[in-house]
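The next block holds one structure in the form of structure tokens; read it before the comments.
The values are calculated or read from the model by the stated rules, or taken from the named source; none is laboratory data. Note that this is a predicted model, so its numbers are computed, not measured. Cβ coordinates were reconstructed from backbone atoms using ideal geometry, including for glycine residues, and neighbour counts include every protein chain displayed.
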Amino acid sequence: MAKGVLAKYKDYLPLTDDTPIFSLGEGDTPLVKSRHIVDLVGCEELYFKLEGCNPTGSFKDRGMVVAVAKALEAGGNSLACASTGNTSASAAAYGAYCGIPTTVIVPKGNVARGKLAQAVAYGARIMLIQGSFDHAMQLVRDLTERHPIVLVNSINPHRLQGQKTAAFEVVEELGAAPDYVFIPVGNAGNITAYWMGFQEAYHNEWTSIRPRMMGFQAAGAAPIVRGDVVTEPATIATAIRVGNPASWDKALTARDESGGTIDMVTDDNIMDAYKMLASKEGVFCEPASAASLAGLIKHAKAGLNLEGQKVVCIITGHGLKDPDLANEIEPVWMEEYPPDLDAVEQALGLG
Ligand code: AN7
């Protein structure tokens, strides 16, 4: 039976004897060692934390299982979230598992097709808002303030508690924290959660290293980098198309306390990293996730010396989330043949 985040980390989460323990199999995701890109960026060891291997295909499940368990413990019987897609898929899945209705409020036309398909399949109430994620977020804040509906966005503190367990896993697997963590930034919950997790690991004496947190926004949706709200955020990486991040201040704290940075990468940088991860390392992620590697490549090219350093890139979501973008990749070889061995052999130069 799937153990999951609640059972495995119960001593480090805000659970009580009354918190229900359940799991869809979240957490315990692979840390894959780079074989090719490691040489390009010049670090000692490079790893990819594959959060797309969670049950709904993104890191959101780690925090969602805690938020939903705490909601049930408090007698909650209805969930709601605003989302660029992955939070809605995760909330809808845990809502379905626990038998409570989930309302997801998403920006119309800016959710990747796989994510919307998940929310449909899990049976959520889907509200397509004629506006941005930031509009959806304001709506859900107001809605859940007025009505007894549990808000399961990352401003719900239980979400970040669950998400910090990814940092624990990295420390456990490597035997210590890495020197650098590269991570995409949208609403800035995840960078906050990882920093919490690494600090806790340090204080629990599981590691003597505290990594530099290197967060990356998309250039068309980079309010933290620019120091101002972006009213019309735009990027191919719809997951991080956020103009006014909910955890803005906490992300700055993570950056400053860790001696890291929050920077931005262009959509071209993101697409290059997205294709490179799949074709050079066998790791197929969604575009927002590739912002971590795009950031690493950007800083390595700009002269960041990573000699002797251990680096982890957080790969936050699965490539199948965004099939439309994946179909824009130019195939190395895709031709049509008759069902005939001679034709196949000839094409392969074996005839
Ligand atoms: C794949 O689903 O905000 O900085 O509503 O789906 O914690 O927001 C998703 C965010 C990175 C950014 N990678 O994390 C949502 C949502 C992927 C994501 C992020 C998201 P945060």
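Within the range 237-266, which residues are buried (at least 19 other Cβ atoms within 10 Å of the Cβ) and under 25 Å from residue 37 (Cβ atoms)?
237, 238, 239, 240, 254, 255, 258, 260, 262, 263, 264, 265
From the list 67, 74, pick out the single residue that is within 19 Å of residue 101 (Cα to Cα), at pLDDT 95 or above and touching a Lys or Arg at 6+ places or on another chain (Cβ under 8 Å). Even if it seems obvious, please write down each step before you answer.
Working: 74 fails: touching a Lys or Arg at 6+ places or on another chain (Cβ under 8 Å).
Just a single option satisfies the conditions, and that option is 67.
Checking residue 252 against (1) free of Cβ contacts under 8 Å to residues at least 12 places away in the same chain; (2) more than 27 Å from residue 320 (Cα to Cα), only one condition comes out false. Which one?
(1) is the only condition that residue 252 fails.
Matching residues to (1) under 25 Å from residue 194 (Cβ atoms); (2) out of contact with any Pro (no Cβ under 9 Å at 6 or more places or on another chain); (3) within 13 Å of the ligand (Cβ to nearest atom); (4) part of a loop (DSSP other than H, G, I, E, B):
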| residue | (1), (2), (3), (4) |
| --- | --- |
| 56 | yes, yes, yes, yes |
| 71 | yes, yes, no, no |
| 81 | yes, yes, yes, no |
| 88 | yes, yes, yes, no |
| 92 | yes, yes, yes, no |
| 103 | no, yes, no, no |
| 110 | no, yes, yes, yes |
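What number of residues within the range 237-261 satisfy the criterion of being part of a loop (DSSP other than H, G, I, E, B) and more than 10 Å from the ligand (Cβ to nearest atom)? I'd like the intermediate steps shown before the answer.
Step one: of the range 237-261, the residues part of a loop (DSSP other than H, G, I, E, B) are 237, 241-247, 259-260.
From what is left, the residues that are more than 10 Å from the ligand (Cβ to nearest atom) are 243-244, 259-260.
Total satisfying the criteria: 4.
Counting only residues that are touching a strand residue (DSSP E or B) at 6+ places or on another chain (Cβ under 7 Å) and over 27 Å from residue 314 (Cα atoms), which one in the range 142-184 is surrounded by the most Cβ atoms within 10 Å (Cβ to Cβ)?
Here the answer is 150.
Return yes when residue 48 is over 30 Å from residue 143 (Cα atoms) and crowded, with 16+ Cβ neighbours inside 10 Å and no when it is not. Working first, answer last.
Numbers: over 30 Å from residue 143 (Cα atoms): yes; crowded, with 16+ Cβ neighbours inside 10 Å: yes.
Against the criterion (over 30 Å from residue 143 (Cα atoms) and crowded, with 16+ Cβ neighbours inside 10 Å), residue 48 qualifies.
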